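Report on one structure; see the data block that follows.
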Amino acid sequence: MDLDHVRLKVLSESDIIFSKNDEVLPDILNGVPRSVVGTEFNLQLWLFYFFGSFPALVLNQIFIRLIAFIGMYRLLRRHFVSPDNYLVIVGVSTTFALLPFLSILGITVAGQPLALDAFLAIRKSQSRWGDWLGIFLIPFYSSVVHSFSFFLLLMGVLWLCDGGFRR
């Protein structure tokens, strides 16, 4: 386990998961405020809480790879590559899923194809409930400040330049 995951382990083993932000977590650096270790609505925290350290790390890697594969597969199949080129879609999706993602960030990078697919489907008025659910759930398993803020900024700029995603 790397040092980034220690905060999740310590928080999951403490009794202050849902406490106030100024509550002191004594096991890190002789006591830090609860607000330093992140939100209680993070899926990785709950993996550590329910499964322990090593199973949580393994499940986290499985979820990241699975979401990366599904997101790239959906993006390519629905928007960029003809469904007849099945081997290209599966090959690119598998290659993307095998990239070395930083696991502490969750699906921050691995979930971007899924988010782009959802936004493009909404733009084309072909969205389904799964697209909206994906957009809603991505912040609970990613770090918005690391890359999704730039992704959302780009989507906003494209929306404004396109006249509000004209149909």
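Structural remarks
- Base-10 log of normalised Debye intensity for the stretch 1-98 (one unit scatterer per alpha-carbon) at q = 0.11 Å⁻¹: -0.48
- R0 of 35 Å, Cβ-Cβ distance ASN21-VAL90: FRET efficiency to nearest 0.05: 0.20
- Å² of accessible area per residue within the chain, as computed with a 1.4 Å probe and no ligands counted: 61 Å²
- The modelled label-to-label distance for the pair ARG128/LEU43, using points 7 Å beyond Cα in the direction of Cβ, is 1.8 nm.
- Relative compactness, the stretch 41-166, computed as alpha-carbon Rg over 2.2 N^0.38 Å: 1.11
- Whole-percent carbon and sulfur share, accessible surface of the chain, 1.4 Å: 68 percent
- Net charge, ALA110 excluded, C-beta distance under 15 Å - Lys, Arg +1, Asp, Glu -1: +1
- Helical segments meeting 30 Å axial Cα length and Kyte-Doolittle -1.0 threshold in the chain (DSSP H): 53-75
- Binning the alpha carbon pair distances of the stretch 114-167 at 5 angstrom intervals from zero yields the distribution 5, 19, 26, 26, 18, 6, 1, expressed in whole percent.
The values are calculated or read from the model by the stated rules, or taken from the named source; none is laboratory data. Please read all numbers here as calculations on a predicted model, not as lab measurements. Here Cβ is always computed from backbone atoms with ideal geometry, including for glycine, and neighbour counts include all displayed protein chains. Ligands, DNA and RNA are excluded from the accessible area calculation, which covers all protein heavy atoms including side chains. Shrake-Rupley method; radii C 1.70, N 1.55, O 1.52, S 1.80 Å.
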